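Quick note: the coordinates plus some simple rules give every number you see, no bench work behind them. Source: prediction; values computed, not measured. Positions of Cβ are backbone-derived with ideal geometry, glycine not excepted, and every protein chain shown enters the neighbour counts.
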Amino acid sequence: MKSFFSRWPKWVRVLVLAVIVIAITYGGYVYYQNRQAQAAAAATPALQTAVARTGSISLIASGTGTLVSNNETSFGFQTSGTLTKVNVAVGDQVTAGEVLAQLDDTTEQIALVQNKQALLELSPNNYAVFVMVGGKPTLRIVTVGLQDPTYAEIKTGVKAGDVVTTGIQATTANTGAGTTVTP
């Protein structure tokens with residue numbers, strides 16, 4: 001018994017086979033094109049549209065951290081005291097040598113007057129010397145014994161361990177009665 005297709009002439013069978021192959025190929029092509037279009041649509045972002053209008057745009061940024069100035073200098077006084085005057089304000093630019101602030105110098109002014117008065121009252125055997133007390137020179141009147149232009153024997157007015165200066169020269173000695181201090 002012959003099959004259904006075998007009864008057809010050969011040229012009809014070839015034609016039917018060719019039509020089936022062309023139909024499958026075309027169907028595959030259409031499927032492939034459809035998949036490519038879907039992938040492209042998924043990769044393309046959706047467009048958003050809006051109506052243009054006049055207005056202002058606000059942009060706010062926030063953050064945390066430390067602000068550092070590239071031209072800032074710290075300063076301080078060489079001594080403590082009460083601040084009596086500030087000559088500049090925050091943000092002012094200053095120049096070298098400009099007085100920025102002043103301390104109350106009333107105590108130092110009184111000491112200066114007292115020291116000047118003490119110098120005027122010196123006798124021939126007394127000398128004014130400065131003894132460093134707490135990092136500051138303090139005027140002391142000392143009694144001297146033997147002396148010449150290069151040295152003086154201090155009899156009273158200083159104690160052991162005092163740092164004594166009589167000008168730009170200074171000495172540290174275990175001073176006491178009868179000790180010789182040379183400048």
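Odds and ends about this structure:
- Highest-first arrangement of 26-33, 48-55, where packing means the average Cβ count within 10 Å: 26-33, 48-55
- Note on LYS116: aspartates and glutamates with a C-alpha under 13 Å away, same-chain residues under 8 apart excluded, are GLU108.
- Partners of LYS10 within straight-line reach, counting lysines whose Cα lies under 17 Å from its Cα and excluding those fewer than 8 residues away in the same chain: LYS2.
- Available extension along the chain between ASN87 and ALA160 is 21.8 nm, counting 0.36 nm per residue and deducting the alpha carbon span.
- Cα centroid separation, the range 1-27 to the range 85-136 (Å): 122
- Computed lengthening from ALA43 to GLN109, 0.36 nm per intervening residue step minus Cα-Cα distance: 15.2 nm
- Descending by average beta-carbon neighbour count within 10 Å, the peptides 151-157, 124-130 line up as 151-157, 124-130, the highest first.
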